[in-house]
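See structure below.
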Amino acid sequence: MDLAKSVIKSLPLLDGSSIPQIALGTYTLQSQLILNEVIPYAYSLGYRHFDTAVMYNNEQLIGKTLKTHKIPRESIFLTSKILPTDMSYEASIASTKSTLKDLQTDYLDLLLIHWPGQRKDRIDTWKACEYMKDCGLARSIGVSNFTPIHLQSILKNCKYKPVVNQIEIHPLYYDKETIEFCENEKIILEAYCPFAQNDSKLIKNKFLLGLVEKYKKNVYQIILKWGTSKGFVMLPRSGKKTHVSENLNIDDFELSGKEIDEITALNCDYKIDWNPHDLLI
């Protein structure tokens, strides 16, 4: 496989836009040296989707990297997120304008509410997202860490439906209720923590290791293939060039339908990150 010519599949969004199915997650990448190496290298391989957030404390560094390496803005898909502490109409707009300044761009391809928050704040922030879509600060808008009860409060009070819900998904944590709700609403699911932060319970799972042997791929590639086969946007984070290239090298094999189902059946509600199910209003 010629990685330099890789083309990442894009998925259609409800608003008519599209989203590249494999992104470079940048959580914990807070070194200019690492970003200067990883982002242009990923771009050269075919990555076009870069995912960040105010909470990641790296938006200025990413903006500088994109400008330094003269990566054309129209050729990439940039995602950022509104902080939980900025969840009000005015604060979320101010926060997003600060993000745009840091990223050295006039717009985001995707703006997400990072956390459901309280119901009133959630709805006010969504109204702000709709305003920012209307005035061109964000081309698409969505949410992150939302369960069905949180999404329902938005869907009952929206001009535009969320096009994306970015949630924790990996073979050991598969929130069937939220996933099925989003699929029924045509909301694309983005999978963060797809490798469960390298937890040995996932990475050394015997069934997955059997597939590693069968397909002569590493366990990360098996998981990414599972996720893309399920129709998820996958958000692997890596600060190493070898991992960046390996994560893209999944087009030369196919998991069977039975294998995909068996991987999904590994779910044991083993959650790694924060739990939005604790927030029920």
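Looking at the stretch 66-91, which of its residues are assigned to a helix (DSSP H, G or I) and either without any contact (Cβ under 8 Å) to a residue 24 or more places away in the chain or more than 23 Å from N145 (Cβ to Cβ) (or both)?
L66, K67, T68, R73, E74, S75, T85, A91
Can you tell me which residue among K186, K271, K240 is in contact (Cβ under 8 Å) with a residue 60 or more places away in the chain, within 22 Å of S44 (Cβ to Cβ) and within 19 Å of the chain's Cα centre (by Cα)?
It is K240.
Sort through S75, S80 and tell me the only one that's under 21 Å from C135 (Cβ atoms) and either more than 16 Å from the chain's Cα centre (by Cα) or small (G, A, S) (or both).
S80
Determine whether the stretch 39-59 contains at least one residue that is within 15 Å of the chain's Cα centre (by Cα) and modelled with pLDDT under 95.
So far as the stretch 39-59 goes, no, none of its residues is within 15 Å of the chain's Cα centre (by Cα) and modelled with pLDDT under 95.
Could you check the stretch 27-55 and list, in sequence order, the residues that are touching a Gly at 6+ places or on another chain (Cβ under 9 Å) and either buried (at least 22 other Cβ atoms within 10 Å of the Cβ) or not acidic (D, E) (or both)?
T28, L29, S31, I34, L35, V38, F50, D51, T52
Suppose we filter I179, I222 for residues that are part of a helix (DSSP H, G or I), surrounded by fewer than 22 Cβ atoms within 10 Å (Cβ to Cβ) and of a type in the set (A, V, I, L, M); which single one remains?
Residue meeting the stated conditions: I179.
For (1) aliphatic (A, V, I, L, M); (2) at positive phi; (3) at pLDDT below 95, each residue gets a yes or a no:
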| position | (1), (2), (3) |
| --- | --- |
| K206 | no, no, no |
| K216 | no, yes, no |
| G239 | no, no, yes |
| D278 | no, no, yes |
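Tell me yes or no: at least one residue of the stretch 78-97 is over 30 Å from R122 (Cβ atoms) and of a type in the set (K, R).
No, the conditions are met nowhere in the stretch 78-97.
The values are calculated or read from the model by the stated rules, or taken from the named source; none is laboratory data. As the structure is a prediction and not an experimental result, all values here were calculated from the model. Backbone-built Cβ (ideal geometry, glycine too); neighbour counts: all protein chains shown.
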